[in-house]
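Right, one structure below, let's go through it.
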Amino acid sequence: CEFKGTSVLLPRLLGVFRLQEREADCARHLVLKFLLLLASTGHFVEELKAAGVRAAVENNPRIPAADKALPVALLGLLGYSADLNEEFALALVRSDSSNTLAARREHVAYLLRFLERYSLTHGPTQEQAIDFFMTELVADAEKAQKIAAALDRGPEDKSEQEVAEGLAVDITSDCLAALMKLAGGKVPSEANQGDHGFGARYLVRWDLNALLAVAFARQRGNEDNDFQERSRLALAQIAQVLELAAHVRYKLDDDARGTVAVGQIDERWLCNAFVLVDCHLSTAVSISQQQSNLLLVEQVLVLLHWLVERSAKCFADIHKYAGLLRSFFAPLTSVFRGDDARSTDSESDAGKQATELFLSLVEMVVNAPSTGADTIASVDELLGDLLTFVYAEVDRGLRHDVRSRLLLCVLVVLQRAGDAGRAACAAYERALQQILWHVHASQASELQARCSWELLGSLTELDPAITALFNLDAIPVLLRECGCDLSGSGSARRPSAGSWRLSRRAIAYRQAEALKCLSRAATTHDEVLLKIGEAPGIAAVLFDALVSTPMGNVDTNGGGYHALNASTPAQTDSAGTQAHAAHLIARIASQEDLRASLVSPEQISLLIESLESVHLPVVLHALQALAHLCAFALCLDALVRHATVPVLAQILFSPLAETTSRREIEACVVALLGKMCARSETVSRRVVSSNLLPKLRSFLVVEKQQSQQYSQQEPRPEEMGVCHNAVWVVSSLSKDGELVPKLVAHGMLETLCDQLLSYNPMNTQRKALGSISRLVGATAMDSDTLVPVIGHVVETVRRNVPVSEAQRTVANALAVFVAIAKAGKSSHHQTQHHPHRPQRQPQLRRVGDVSIEEATDETNARQLLLEGDGVRVALELLGAADPRVKLQAFLVISEFVEDHPNPRVVCELLLGSEDQGGSHALLSLVRAISDETRSTATSAATLALHKNRNGSTLLVVLTLLNMLLADEALKTKLTPATYDVVLQVVVATPAPPTATVYQTRVLAESLKALATMTRADQIAELCPEVALVSSIGSLVSVLRGPQVGGESGASANNVRLNALFLLVNFASSTQCRDRMARGGALQALLAVIQIPGGSGAAQDDQLVQLALLGVALMTVGGVSDAAAVVELTAAMGTLVRLLSSKSASIQANAVWVVSNISTEASLKNAIVVRGGPTALQALLNDNMSMADVLSKDGNDAATAAARPSSSAMRIREYAPKAIKALGFAPITAPPPSSSAPKAPSSSN
């Protein structure tokens, strides 16, 4: 039956929803269920609406949250829409008005249960909810910290505090759960980047720093944990907060607002994150706990990595706390070892991601420059932790990729510390000491040693590290690892029995690594190289390694060396070991003080055999070592003896040489060829036979990137490369006359000429010019060839004259001009002696008003030198300070002047303009003679030593002087300035027999020049009397010199003849006669009269004639000196005999002498005793009869020629005087009047 009393019942039931008591909740629950049952029948809907059910139950705060579904369902059956967002907003308002902690806990729990059942759809309401819960979390943290900071609490206070802490924990837990419900429970994936509702609503009022403050806040502990500081949240709650932070991070990335928001992160929370990992996640009892901790570690690493990448401030803060990165070692150790094989796929992925994030974070930190004392100290702390962890875990299965990356981080830290100048700091030295200890310590395992070797292999490429290792005595350690016995006991220190170090493979590995480190360290540090070179037995060790062979897989020590890691190499790199050994040999060979230890026949042979190695570095270093060791004759002879040229040629033509080291290989090969060619002509011919000339010609060309502008600075070492050595080889080849035509045929002369100005002027250019001077003689003497050569050489001279270090180059350049002039003369001489060869028509050239005919080839060479300024350049350098330049300059002028077909050209060239006072060339010639004489006069005994330097210049200058004196104009110009200077040369030069051949030539040229310039009537005008007097002794010494037969004897006799000529002319001077008498001149002249010593009868007569004339001049005033009387008495027989000589001149001079000395009583008797009067009368009668014949027949020329008129006149004048003086009466007709005889004016 139908119930009729609902209209009365319903208002009474709805009154329960207006009751304030909490005890009415049960009644309200029952009423709601009853009303829901009525509405579900569908018959009481209108009655329920009329009773005001909606107003009573909708958004009624008295209805518990657990019954909130009942009014929602009831209103739905009645046809109303329930507004849950508004109800939640009202609940938030009521929660804010809570006054007690317990009430607040109840309201937060209500909100959580509400969210567990319903989802908010209104955005502003969600923002209010997030703001409320975050405020609760932050406020609760602050309150908890304040309570924990209170120090004075009584028992009651402690109990109350515990209750408050319990309520705070419940509120924090509920707030986190509510936020997780609002966030949706999972982090958006990269595929759903647009779903960032929670993050967007969170960032409206909060930032990421607030979440980090909640997650990583810490508080003081209690007696349960010994009052140690602890994290405020549980680990699960921290994971929830980090998950919320992930939502925010995704939103920040999506909005590109990360830079601004992230920059507000407080560094305290970053530091607390490291402390969290270190204190709570480093130890785990069970596997499940380890895996749970690993997930949280991954979250922390993701957050830190994200902050580092997007915030410079956060990166700086993490860099500042770099030492705290060690806290991740413990939780990640199992992953580093690969122990997560039994975990699930998701856990394995988490471990891999955590590993990659951690390693990436460490790499970013160590790769950044450290600034600030705190940051530097923290990075140094991280360095020690990294090394300690690697050495501790490498034997426990540390994955190879992790080990490699951690070791790389260690290297980066050490490199940056060294570059910053902190190689001497304590952390740096501790790290190096730790590395070295694991190399040589017996307690170190094999893998630990391998880690150290990996680090040392890279550290020895860094200059600061090398210096630090050297200061830490690491070099002796490495030498001992190589096998050197540094103790001097004869046996190196061996490890204990059973050690892995005893394995042959381990020994080979240690030696290879030690050689690698030493090789790299010795590359740039000479002090390391010196230490290596002085090590006992290092040469034997290096050469043993040079011939080492790859180790097999057999281990003779029974498992002492085995693959503990999958990445362990199977065998030692033999090629690398050989390369490092060869490099050390080359470096030691480069040091003059050390290279001697490498020189032995066996070791040199090994180096030569290494040239045939298939490993390019070994070949290169062997070439370098041999190039240095060629300073020893043993090495150079071995290279020559082993016929190394074909091997070197094979290296040059090998495809292996086409690498980045090609230029260096070519330089070493050509350097060896140069030294070998200079050692043996056989090598030079092997070079030609090995078809190396085309290659050498290509090496002569300077590459564009290597060519440099002319500079007066000292050349750099790299300039001594391929071009220099190739020029050296060509220079050696050009010294072999048989190879010169082949060099010319291959275009060497043209290439050298083209590249001349690009070469280094200090060395390469000098050798190139030497080669050109030898090659130019074998080329065609035509203008097309000579003009470029002369032009380039002239430019070279002008560039190098101001450079004091390049004077040898200037001298070689002038030698090219000498060679051109000589080649031109030789070509002309050959043309004249081979008339069957076709000749070009002579050319007529006009000089002034005179047309002269020139021999084409010879004159062309001289003319090209003149037109190309070669001769003028030489003239300018006649006064050069460098003796070599001066010598070559005079040689150029001498070759140009000698046998020149047109003396007028020479005269004009040397005299220059008259208004300028003449050319400086003649002044330079006089100055050169004076300077050379002065330099040799300081040490006459060492004159022979100057033959190749200053002395040769003197000979060349004197030879040139004699050439110039053949011209009267030049003779007139030179005589006043030169006579005295040349006379000093005679004084300074020793006379035979003590004189050398060279000194004899100097003396001969000097006397020849003096004889040419001397005239009897101008002796007093030519030079001061003092100079004449000082030279008498030297001339007398020359005259007394030995008489030598043959060609050398003819030269010596010419010297005596010129000296005699000068003495006779000096005797015509009254002032010189007394000095000549005191100087033994009379005795010397009488000796010549008695024993002429000429090369033939004609020269004997000439010598005797001049000697008699000299005696006659010296005895013009009679003889008063007792010594002279004695000497004349001894020679009286010869004098009387010469009165009957076949030579009329000798007879006349003898009559003059007898006439002069006949007044002295003792001499008179000697003359009479020897039949002097009879001879005089006979000579006078013969002369008178000849005069009668001439008077009767004046056309009898033959008779007239038999007795010159001057001789006849002298006999007719002095013979009667002599007869009268002897006490007899001459039988003669009155003599014709004549003037007093004069000394001849020429020597011939």
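Brief remarks follow.
- With 18 Å as the limit on Cα-Cα distance, the pairs of Lys1142/Lys1220; Lys33/Lys68; Lys675/Lys735 that go past it are Lys1142/Lys1220.
- Placing unit charges on the Cβ atoms only, positive for Lys and Arg and negative for Asp and Glu, gives the stretch 6-82 a dipole magnitude near 80 debye about its Cα centre.
- Once the Cβ-Cβ distance of Ala745 and Ala631 is raised to the sixth power relative to R0 = 35 Å, the FRET efficiency obtained is 0.55.
- By the beta-carbon count within 10 Å of each Cβ, the least crowded to most crowded order of Ile1167, Ile1219, fewest first, is Ile1219, Ile1167.
- Working from label points 7 Å from Cα in the Cα-to-Cβ sense, the Ser487 to Cys26 distance is 9.6 nm.
- Counting 0.36 nm for each residue step from Asn1181 to Asn367 and taking away their Cα separation leaves a gain of 280.4 nm.
- Sorting the segments 329-337, 1059-1067, 660-668 by their residues' average number of neighbouring beta-carbon atoms within 10 angstrom, most packed first, yields 1059-1067, 329-337, 660-668.
- Per-residue Cβ neighbour counts within 10 Å put Met748, Met180 in the sequence Met180, Met748, beginning with the fewest.
- From most to least packed by mean Cβ count within 10 Å, the peptides 761-773, 1098-1110 give 761-773, 1098-1110.
- Neighbour-count ranking [beta-carbon atoms within 10 angstrom, fewest first] of Tyr1214, Tyr998: Tyr998, Tyr1214
- Sequence ranges 1142-1148, 882-888, ranked by mean other-Cβ count within 10 angstrom, highest first: 882-888, 1142-1148
- For the stretch 6-82: relative contact order, % (alpha-carbon pairs under 8 angstrom, 6 or more apart): 38
All of the numbers you see were taken from the coordinates with simple rules; none came from a lab. Just so you know, these numbers come straight off a predicted model, no measurement behind them. Positions of Cβ are generated from backbone atoms using ideal geometry, with glycine treated the same way; all protein chains shown enter the neighbour counts.
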